[in-house]
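The values are calculated or read from the model by the stated rules, or taken from the named source; none is laboratory data. Model, not experiment: these values are computed from the prediction. Ideal geometry is used to build each Cβ from the backbone, glycine not excepted, and the neighbour counts take in all protein chains shown.
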Amino acid sequence: MAIARFWRETPRRYNLGGSRCTVCTTVYFPPRSVCPTCTTHRQSLGKMEPFQLSGDGEVVTFTVVHEAANGFEMLVPYALAIVQTVEGPLLTGQVVNLRPEDLQIGLKVRATFRKLREEGPAGVIHYGYKFAPKEEAAMAPRPGRGSEQAPAASHAPEPSRARA
């Protein structure tokens, strides 16, 4: 991803900002401008509102990566999971603060914002969400000088119905 695009999308990335259809209350991440759930998509035009996901969820499936992509060789093995958020959308992310062999389906997790990678000779640091076991994520230290962790997501009310 280009640096300019990455920085433009930073607020949404750091806050798990999605959207919710005011017609059917379905929640989406990433945000959409039209709701594909509504029977006629036109009825949702102009009726999508920003929505803040809480970051809380449950692992529905996972895999352990043993052969990393270039630049990520020092991380292997690591776990990637599909997480069903309490609001409904499914998110994919790395699971941290847990040995891959201890990961299991049904584990309660919470999004935490961490360093993803450094780019180029200038060392531009890219942050994004990963998941940590819920009790550990709640106790994670706040970012400070030299920390690779970024601010935690804020909470949002739980809607009545949601989809990925």
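Give just the number: which of (1) β-branched (Val, Ile, Thr); (2) out of contact with any Gly (no Cβ under 9 Å at 6 or more places or on another chain); (3) in contact (Cβ under 8 Å) with a residue 12 or more places away in the chain; (4) surrounded by fewer than 17 Cβ atoms within 10 Å (Cβ to Cβ) does Thr39 not satisfy? Failed condition: (3).
The set of residues from region 98-139 being touching a residue at least 40 places away in the same chain (Cβ under 8 Å), crowded, with 16+ Cβ neighbours inside 10 Å and assigned to a loop (DSSP other than H, G, I, E, B) comprises Leu103, Leu107. Out of everything in region 39-67 that is touching a Cys at 6+ places or on another chain (Cβ under 9 Å) and either among the acidic types (Asp, Glu) or assigned to a helix (DSSP H, G or I) (or both), what residue ends up being nearest to Val27 (Cα to Cα)? For region 39-67, the residue satisfying everything is Glu49.
The lone criterion from (1) surrounded by 20 or more Cβ atoms within 10 Å (Cβ to Cβ); (2) in contact (Cβ under 8 Å) with a residue 60 or more places away in the chain; (3) in a strand (DSSP E or B) left unmet by Glu87 is number (3).
This table checks each residue for (1) in contact with a Ser or Thr (Cβ under 7 Å, 6 or more places away or on another chain); (2) within 30 Å of Cys38 (Cα to Cα); (3) polar (S, T, N, Q); (4) modelled with pLDDT under 95.
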residue	(1), (2), (3), (4)
Ile82	yes, yes, no, no
Leu107	no, no, no, no
Lys130	yes, no, no, yes
Ala138	no, no, no, yes
